Amino acid sequence: MSKQAKCANCKLRAKFETQPSSLLGRFWRWHINFCPGWKAYFLSLSEEEKAELRQKYNFTKYNG
């Protein structure tokens, strides 16, 4: 299974989606700031998908 598939279907990410203020949700959001798998996944997306995730998760890394 590729990194993209793992990040796209991550159970912690799903927890953030349903309960962003939960401990697991907050852990996932903190974790994406340095996770090499998330970086690879994020950089593999189209510019439109990146913009959507930046806004959705207030994610400011890897601009440019």
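The values are calculated or read from the model by the stated rules, or taken from the named source; none is laboratory data. As the structure is a prediction and not an experimental result, all values here were calculated from the model. Cβ placement follows ideal geometry from the backbone for every residue including glycine, while neighbour counts extend to all protein chains displayed. Side chains are part of the model used for accessible areas, which takes the heavy atoms of the whole protein and leaves out ligands, DNA and RNA. Shrake-Rupley method; radii C 1.70, N 1.55, O 1.52, S 1.80 Å.
If a residue has to be of a type in the set (Gly, Ala, Ser) and either touching a Pro at 6+ places or on another chain (Cβ under 8 Å) or open to solvent by less than 50 Å² (accessible area, probe 1.4 Å) (or both) to count, how many in region 15-43 make the cut?
3
Determine, yes or no, whether residue 46 is on the phi < 0 side of the Ramachandran plot, surrounded by 12 or more Cβ atoms within 10 Å (Cβ to Cβ) and among the polar types (S, T, N, Q).
No; evaluated as a whole, the condition is false for this residue.
Please work out which one of (1) open to solvent by 90 Å² or more (accessible area, probe 1.4 Å); (2) out of contact with any helix residue (DSSP H, G or I) (no Cβ under 8 Å at 6 or more places or on another chain) is the condition residue 54 fails and give its number.
Going through the list (1) open to solvent by 90 Å² or more (accessible area, probe 1.4 Å); (2) out of contact with any helix residue (DSSP H, G or I) (no Cβ under 8 Å at 6 or more places or on another chain), residue 54 breaks only (1).
Scan region 1-40 for residues that are within 16 Å of residue 62 (Cα to Cα), among the aromatic types (Phe, Trp, Tyr) and modelled with pLDDT of 95 or more and report the count.
Selection size over region 1-40: 1.
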